[in-house]
Amino acid sequence: MISFVNVTLFWVLSIPLLILAILIVSNKDKISRVFDEKVLQKLRVDNNSLPSSMRNLIFFVALFLMLVTMVRPVIEKGERKVAIEGLNMMVALDISGSMRVKDIYPNRLEFAKNKIVEFLKHTPTDEIAVVAFASNAFMIAPMSSDKATLSYIVQNVDDKYISMSNTNFTTLGEISQEVLNKSKKKILILFSDGGEKENLEGLKTILKADNIILYTVLVGTQKGGVVVDSKGKQVTDKQGNIAFSQRNDALGELSLESGGAYIVANSGDQDIAKLVEVIKSTNTQDKKSFAHIKDREELFYYPLGASVFFLLLAFSSLPTRRKI
């Protein structure tokens, strides 16, 4: 059965098309009050090789077929039931003071946020929760498949969120237990500049006890940079030494121990695409829901091809026989 997807568009556009046809074909003096004479000369088609009335008719047939193309004629074939698959995952963003370091542009925090947005683009059907952590961990966004909203929330995590306290990875493990409690596959994706081995013991214990798989996206450089406060001033310790931070890859080792993987983020987007590929290939996705979609066969290319033919015919100069 043939039907049209954009029926309303047909009626909206047919009115100006009809008015245009009347103005051009009627060729009455009143038209000159509406259009400038130069415009009328362009609208009118005068050629000895083909009568103008015939040429105008062909021209409007072409326009009508273009209109039919835009309303999308289709053959309806009913509905199909499609399984939507995905994983439940938790994304964690490090907001400790070292994330202000500018060894990558513009700084580690902004770089990590951009990587999270890339990650969300590569996981359209997955349910994802977002948390931030430093000395404490807190929820930024609950489990959701609305990637536009999640991206907006992540992009609005700014410098005010940063805590100059020491990073507590144990609190990250504890909130991971809560968020991923009902998930068959417990997957944690951590965006951080790393941490010392001794500070990771609490997280390591929780990962092992709850079978949580850790994937880490490491940001920053091994060369490192100076830690600054919210005003851009250098941070010093109790002894007056300037605080300096380098990327620590111990989190990568912990990721491998948990059965996950890690990457060192770079300026391209292939790193995140590769990480998502690894996650998808090593974790069986649960069938989350089913969607009913309309099965249609598109027919728009038929009127489109015909309109191009008639348009070329209308603008072409056809030869006429001369009387000898």
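The values are calculated or read from the model by the stated rules, or taken from the named source; none is laboratory data. Here the structure is a predicted model, which is why all the values come from computation and not from measurement. Glycine gets a Cβ as well: all are built from the backbone with ideal geometry, and neighbour counts include every protein chain shown.
Evaluating Y262 against the criteria (1) modelled with pLDDT of 90 or more; (2) assigned to a helix (DSSP H, G or I) leaves one unmet condition, (2).
The residues of region 63-105 include none that are more than 30 Å from P16 (Cβ to Cβ) and touching a Pro at 6+ places or on another chain (Cβ under 6 Å). Which one is surrounded by the fewest Cβ atoms within 10 Å (Cβ to Cβ) among residues in region 74-103 that are more than 29 Å from the chain's Cα centre (by Cα) and not in a helix (DSSP H, G or I)? For region 74-103, the residue satisfying everything is G78. Please determine whether any residue of region 77-84 is among the acidic types (D, E) and modelled with pLDDT of 95 or more. No, region 77-84 contains no residue that is among the acidic types (D, E) and modelled with pLDDT of 95 or more.
Taking every residue in region 51-76 that is more than 29 Å from R296 (Cβ to Cβ) and pairing it with any residue that is modelled with pLDDT of 85 or more and part of a helix (DSSP H, G or I), at least 6 positions away or on another chain, the pairs with Cβ-Cβ distances below 7 Å are I58/F310. Residues satisfying the criterion are absent from region 232-250 (criterion: modelled with pLDDT of 95 or more, part of a helix (DSSP H, G or I), surrounded by 11 or more Cβ atoms within 10 Å (Cβ to Cβ) and charged (D, E, K, R)).
Okay, residues lined up against (1) assigned to a strand (DSSP E or B); (2) modelled with pLDDT under 95; (3) under 14 Å from V131 (Cα atoms):
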| site | (1), (2), (3) |
| --- | --- |
| L150 | no, no, yes |
| I153 | no, no, yes |
| S165 | no, yes, no |
| I175 | no, no, yes |
| N181 | no, yes, no |
| I187 | yes, no, yes |
| L190 | yes, no, yes |
| G202 | no, no, no |
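Contact map, region 1-18: first residue under 18 Å from L299 (Cα atoms), second residue part of a helix (DSSP H, G or I), Cβ cut-off under 8 Å, separation 6 or more or different chains; pairs are F4/F10; N6/M70; L9/M70; F10/L67; F10/V68; F10/M70.
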